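The values are calculated or read from the model by the stated rules, or taken from the named source; none is laboratory data. These figures come from a predicted structure and were not determined experimentally. In this analysis, Cβ positions are derived from the backbone assuming ideal geometry, glycine residues included, and neighbour counts consider all displayed protein chains.
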Amino acid sequence: MTNASHIVSIKPRGKPRGIRRDRDCITCKSRNVKCDLNRPGCLPCKLAGLSCGGYARRVVWVSDNKPGTRRVPGPSIKEEGTRSESATKIRLHEQVATPCSAQEQRLSTGLNEKSFLQHLFSFCNRINSEAQQTRESGQNHISSETIDLVTTVCDFVQTLSSANDFLNNDCPESVEAAAHQLTLLVCLNKALQTANPFAILGIAAFAVFEVCNGPFGQWQHHIRGAKSLLDHHCRSRDDLNKLSKSIPGLVDVVARLAWFDLCGTLTKTDGSTLILDNWHHDVFDDDFFRMVGCPADCYRVLHDITKGSALSNPLGTTIQVINQLSKVGLDNSDYSHCADTHRCAAAIAAITRLKDRDSEPFKQQTLVSTVDRLCLVLDSSSESNPYTVFMSLPAYLAGMEAANPQHCNTLRRYWRNCTLAGVHRYPGALEGCEAVWRKKGLV
């Protein structure tokens, strides 16, 4: 007979369920399993025979802005332990994460030719080349601080684009990759103290890192930092064009940040508005729309929705949405598949913002029908479609409004296809969709 006093009580490792789930590893979050936060790999993943997804490492902007404080243009750094006198002083800090266990089979590291990382890398190389030429001719107009910053951005971007280890939470982060990130943080902080306009390149690099690796749609911190810096140097498109003569690729960088701003705002239904000004969003051209797979007329509808058109002009918005949906399915090219998803996304974004209670049943029917069409487009699109990563906003909006298991299966395949891309993208998007599906009883 067993003596109860001899029974050893084993306390479970880790934190109680339901407390600070935001620190769980990526794999445990996606499985809705309690994580013990163990490094380099957690026990729940090991027991399940899975590769631990690792823990999010993010670069976060911390601002001491307070409501009612007069805004002074130009960002600078708030020193740790001191009190800032300027309402726009900004500092960067890093949430450090320990490397996770190695993935047994590494994926190919090729980049999509449309990747912003490649463009950013080219811009930095061009600046360095011009600096070298002017230095050799004895007419160097670029400071050593700027050259150090641009070189560090170049190294950091090269790490992001060539090493799955850094962007992919399923792989261990190399010491070299961590060193590049920390070095860039130091250089960026120094550049922001003097409001160096070239700091926009560093902000853009961290924005890409956050978009690829952070919570989907939660990209506002880097965009606010970029706007603060831009406001210090230019207040109009003409000012931006003048500044772009000194900073190659500046207009393209602003365009991509404006795209992040638009997409991030559309993921929210709490009345959030665009962070960047209208003239920032006017930098888009036909080449950019072609690159991201969103037709110009569809972008204008999406932009109007972020400005509250669904509330201020519901009839006009409805007509615009019907026009967009009428163009879905007219072509079967890779670009058209991406364009069709954005047209459906415009419909979803508009319908979810309409406040007419009398039309609620019709709204739900239309939403289900629109998600049906969007999922059909995703199912018919090839996994090798170069526009796949640009369908993320439509897929996320559809995920929030999924109405049946078929929707869930299609969207789940899409998000998993993104995580298998050459550059790891949107690991938290599927997690967010799964959470909504569980509440609806769809999974």
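Criterion applied to L367, L397, L376 was being aliphatic (A, V, I, L, M) and either under 29 Å from E210 (Cα atoms) or assigned by TED's automatic domain parsing to the domain that holds G264 (or both), and the one residue passing it is L397. Using the structure shown, decide if D358 is modelled with pLDDT of 95 or more, on the phi < 0 side of the Ramachandran plot and not assigned by TED's automatic domain parsing to the domain that holds T265. No.
When T269 is tested against (1) in a helix (DSSP H, G or I); (2) modelled with pLDDT under 90, just one condition goes unmet, and that condition is (1).
Selection of helices (runs of 4 or more DSSP H) fully inside the range 277-354 by the criterion of at least 3 residues being not aliphatic (A, V, I, L, M) returns 278-281, 286-292, 296-306, 314-325, 334-353. Pairing each residue of the range 237-261 that is more than 18 Å from Q220 (Cα to Cα) and in contact (Cβ under 8 Å) with a residue 24 or more places away in the chain with any residue that is surrounded by fewer than 24 Cβ atoms within 10 Å (Cβ to Cβ) and of a type in the set (D, E, K, R), provided the two are 6+ apart or on different chains, yields C-beta distances under 6 Å for P248/R126.
Picking from residues in the range 292-320 that are over 17 Å from L262 (Cβ atoms) and hydrophobic (A, V, I, L, M, F, W, C), the one that is surrounded by the fewest Cβ atoms within 10 Å (Cβ to Cβ) is L315. For T370, are the conditions met, namely being modelled with pLDDT under 95, in a helix (DSSP H, G or I) and of a type in the set (V, I, T)? Taking the combined requirement at face value, the residue does not satisfy it.
The numbered conditions (1) part of a loop (DSSP other than H, G, I, E, B); (2) surrounded by 15 or more Cβ atoms within 10 Å (Cβ to Cβ); (3) at pLDDT below 90 are all true for G432 except (1). Do you know which of the residues in the range 214-228 that are among the hydrophobic types (A, V, I, L, M, F, W, C) and surrounded by fewer than 24 Cβ atoms within 10 Å (Cβ to Cβ) is modelled with the highest pLDDT? Restricting to residues being among the hydrophobic types (A, V, I, L, M, F, W, C) and surrounded by fewer than 24 Cβ atoms within 10 Å (Cβ to Cβ), the top hit is I223. Restricting the first member to the range 373-385 and to residues that are closer than 15 Å to G399 by Cβ, and the second to residues that are loosely packed, with under 12 Cβ neighbours inside 10 Å, no beta-carbon pair is closer than 6 Å while six or more apart or on different chains. Could you tell me whether any residue of the range 188-208 is under 25 Å from T273 (Cβ atoms), outside any helix (DSSP H, G or I) and within 17 Å of the chain's Cα centre (by Cα)? The answer is no; no qualifying residue exists. Only a single item in (1) under 24 Å from F209 (Cβ atoms); (2) in contact with a helix residue (DSSP H, G or I) (Cβ under 9 Å, 6 or more places away or on another chain); (3) in contact (Cβ under 8 Å) with a residue 24 or more places away in the chain is not met by Q320, and it is number (1).
Close contacts from the range 28-46, counting a first residue that is closer than 21 Å to E434 by Cβ and a second that is in a loop (DSSP other than H, G, I, E, B) and of a type in the set (V, I, T), with Cβ to Cβ under 6 Å and a gap of 6+ residues or different chains, come to P44/V33. Looking only at residues of the range 262-274 that are free of Cβ contacts under 8 Å to residues at least 60 places away in the same chain and either in contact with a strand residue (DSSP E or B) (Cβ under 7 Å, 6 or more places away or on another chain) or closer than 22 Å to M391 by Cα (or both), we find that the one that is surrounded by the fewest Cβ atoms within 10 Å (Cβ to Cβ) is T273. Total residues in the range 365-409 satisfying the condition of being closer than 17 Å to D334 by Cα and of a type in the set (D, E, K, R): the figure is 3.
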